[in-house]
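To start, the structure itself, in structure tokens.
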Amino acid sequence: MELAKLVNTLKTVSSRLIRKKHSEYLKEYYCKPVFWSRSYCILTTGEATIEMIEKYIRSQAGVKD
């Protein structure tokens, strides 16, 4: 399966489930029938452990573009 199709499917299904389960709460914040943005990001980590990835993400907290 193409990664783009997989991501699209995950976003579509999760959006439907979230909006169905939390529609009363979300209607105050989402006036459009769109929950996720069209963008996504897929990264590979090679041999990195989850701890290494968490450390890297936390180190980026104060970095501005």
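The values are calculated or read from the model by the stated rules, or taken from the named source; none is laboratory data. Bear in mind that the values here come from a model prediction, so they are computed numbers and not experimental data. All Cβ positions, even for glycine, are placed from backbone atoms using ideal geometry, and neighbour counts span all protein chains on display. These area figures cover heavy atoms from the full protein model, side chains too; ligands, DNA and RNA do not enter into them. Shrake-Rupley method; radii C 1.70, N 1.55, O 1.52, S 1.80 Å.
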For the chain, the dipole about the Cα centre with charges only on Cβ (Lys and Arg +1, Asp and Glu -1), to the nearest 20 debye, works out at 440 debye
Compute the acute angle (0 to 90°) between the alpha-carbon long axis of helix 3-21 and the principal axis of greatest extent of the alpha-carbon atoms of the chain; round to the nearest 10°. 50 degrees
Would you please name the trypsin sites (Lys or Arg not before Pro) within the chain that are DSSP coil residues with at most 13 other C-beta atoms within 10 Å of their C-beta? LYS27, ARG38, LYS64
Counting only protein heavy atoms and using a 1.4 Å probe, what share of the accessible area of the chain belongs to carbon plus sulfur, as a whole percent? 59 percent
Compute the helix-to-body angle for 50-59: its Cα long axis versus the longest principal axis of the chain, expressed 0 to 90° and rounded to tens. 80 degrees
Pairs of lysines 8 or more apart, or on different chains, with alpha carbons under 20 Å: count those in the chain, would you? 7
With every protein chain kept in place and ligands, DNA and RNA left out, what is the accessible area per residue of the chain? Probe 1.4 Å, answer in Å². 101 Å²
Can you list which of the GluC sites (Glu not before Pro) found in the chain are DSSP loop residues with at most 16 other C-beta atoms within 10 Å? GLU2, GLU28, GLU47
